[in-house]
Structure formats: C-alpha cells, structure tokens
1. What is the number of the single condition among (1) of a type outside the set (D, E, K, R); (2) open to solvent by less than 30 Å² (accessible area, probe 1.4 Å); (3) modelled with pLDDT of 90 or more that His66 does not meet?
2. Right, Glu109: buried (at least 16 other Cβ atoms within 10 Å of the Cβ), among the acidic types (Asp, Glu) and over 23 Å from Gly133 (Cα atoms) or not?
3. I'd like to know if the range 144-154 contains one or more residues that are among the polar types (S, T, N, Q), more than 20 Å from Gln83 (Cα to Cα), surrounded by fewer than 19 Cβ atoms within 10 Å (Cβ to Cβ) and at pLDDT 85 or above.
4. When the residues of the range 71-106 are filtered to those that are β-branched (Val, Ile, Thr) and assigned to a helix (DSSP H, G or I), which remaining residue is most open to solvent (accessible area, probe 1.4 Å)?
5. Would the range 59-70 turn up any residue that is free of Cβ contacts under 8 Å to residues at least 40 places away in the same chain, in contact with a strand residue (DSSP E or B) (Cβ under 8 Å, 6 or more places away or on another chain) and at negative phi?
6. Is it fair to say Leu35 is surrounded by 16 or more Cβ atoms within 10 Å (Cβ to Cβ) and either at pLDDT 80 or above or over 20 Å from the mean Cα position of the chain (by Cα) (or both)?
7. Tally the residues that are open to solvent by 60 Å² or more (accessible area, probe 1.4 Å), more than 13 Å from the chain's Cα centre (by Cα) and of a type in the set (A, V, I, L, M), restricting the search to the range 38-63.
8. State whether one or more residues within the range 12-22 are assigned to a helix (DSSP H, G or I), open to solvent by less than 80 Å² (accessible area, probe 1.4 Å), of a type outside the set (S, T, N, Q) and modelled with pLDDT of 90 or more.
Amino acid sequence: MDQCRTEAKEARQRWDRGLADHLYLEANAHKEKMLQWNKEACDLIFKENNRGRKPGVIDLHGLHVHEAIERTKDAVEAAVARQDPDIKLIVGKGNHSQDSVAKVKPGIEKWLSENGFTASLDRHGGMFIVVLGDQGSKTQLVEADLTQMSPSPMSEGDCDEYF
C-alpha cells in the first residue's frame, strides 16, 4: 500500500497522471483489504476470547483501542436491553502490551467517563465493573476493591482466570 502511494507520487511528479491514478486506486484497494482482514482478525480474537462467557462479561484482550470501544458499545447496548444491572469489561493491566503499558484500559476508561457511566476497577486492576442503572449522571471512575462492592453474580475467585 505504501509502496503504491510512493510510486503514485513519483508518477505525478513525472506528469504521468494515468499511472499515478492507477497506483492510487491500487493503494486504496490494498487499504480496503487490510481493513477487511483487520476486522476479520478482530472478530476472531473477540469470539475466541469470549467463548463460553456469560452475557454480562466481555474480554477485550488482544483488541486495538478503537475495536475495544466498539465492542464495549455493543456489549453495553445489549446489557441495557437485557436490563442487566452491570457489565464486566475485562481490559487487562497492559502486561501483554508493548513496554507493558496499558492501552485498552485507559481508552475504555476514557470512553466510559465521557459517556457518563459509573464504573469501578476490580481488585486486580484489570476489569471494569460498569453500573448500568443510572446512566444519566456524569461520574468519574473510581478504583474499588470487589469486597467493598455489593454482591455480584461473579464470585471473587472467578476473576482470577481473567488475568
């Protein structure tokens, strides 16, 4: 894709507009294929990570930030439709990210905050528990220990498998 764009620029500089147009079209076709394959990879990763999970828990490991946000939007919408009191978003702590710096976690945290959701981090720091009951009020995310929260259908030991 980049090579086609570079060659297209060179062709334009030589006033070879026909070749330049052809190369730009080829570059765009490569980009479309790349986007399609990225989406397919995202779908496969998400499906595999969430195989056998309960509806109110989603694992966002292995996704890019924008993909994780899209999956979060879909999962929140589905959870609201089911009238779930909360949803659990497994984001990890960044241990598998480049330089062990979390990317998905802060991206999801920002999206939740910007959209007025109340959420807390589990005791491991790799899963958000998002309250779905009162979505109208803008609240900041807070870190909390699961033991200080109201009982959840997921027991404390269940969280260990996610990290």
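1. (2)
2. Details: buried (at least 16 other Cβ atoms within 10 Å of the Cβ): yes; among the acidic types (Asp, Glu): yes; over 23 Å from Gly133 (Cα atoms): no.
Judged against the criteria, Glu109 is not a match.
3. Taking the range 144-154 as the starting set, the residues that turn out to be among the polar types (S, T, N, Q) are 147-148, 150, 152.
Next cut, more than 20 Å from Gln83 (Cα to Cα) only: 147-148.
Cutting the leftovers down to surrounded by fewer than 19 Cβ atoms within 10 Å (Cβ to Cβ) gives us 147-148.
In the following step, the residues that additionally are at pLDDT 85 or above were identified as none.
No; the residues of the range 144-154 include none that is among the polar types (S, T, N, Q), more than 20 Å from Gln83 (Cα to Cα), surrounded by fewer than 19 Cβ atoms within 10 Å (Cβ to Cβ) and at pLDDT 85 or above.
4. Step one: of the range 71-106, the residues β-branched (Val, Ile, Thr) are 72, 76, 80, 87, 90-91, 101, 104.
Cutting the leftovers down to assigned to a helix (DSSP H, G or I) gives us 72, 76, 80, 104.
Details: Thr72: 0, Val76: 8, Val80: 64, Val104: 18 Å².
That would be Val80.
5. no
6. Details: surrounded by 16 or more Cβ atoms within 10 Å (Cβ to Cβ): no; either at pLDDT 80 or above or over 20 Å from the mean Cα position of the chain (by Cα) (or both): yes.
The answer is no for Leu35.
7. Final tally of qualifying residues: 1.
8. The initial filter retains those residues of the range 12-22 that are assigned to a helix (DSSP H, G or I), namely 12-13, 17-22.
In the following step, the residues that additionally are open to solvent by less than 80 Å² (accessible area, probe 1.4 Å) were identified as 18-21.
Remaining after also requiring of a type outside the set (S, T, N, Q): 18-21.
When the remaining residues are screened for being modelled with pLDDT of 90 or more, the result is none.
Among the residues of the range 12-22, not one is assigned to a helix (DSSP H, G or I), open to solvent by less than 80 Å² (accessible area, probe 1.4 Å), of a type outside the set (S, T, N, Q) and modelled with pLDDT of 90 or more, which makes the answer no.
The values are calculated or read from the model by the stated rules, or taken from the named source; none is laboratory data. For clarity, every value in this text was computed on a predicted model and none was experimentally measured. Don't worry about glycine lacking a Cβ; one is built from the backbone with ideal geometry, like all the others, and counts go over all protein chains shown. These accessible areas exclude ligands, DNA and RNA; they are computed on the full protein's heavy atoms, side chains included. Shrake-Rupley method; radii C 1.70, N 1.55, O 1.52, S 1.80 Å.
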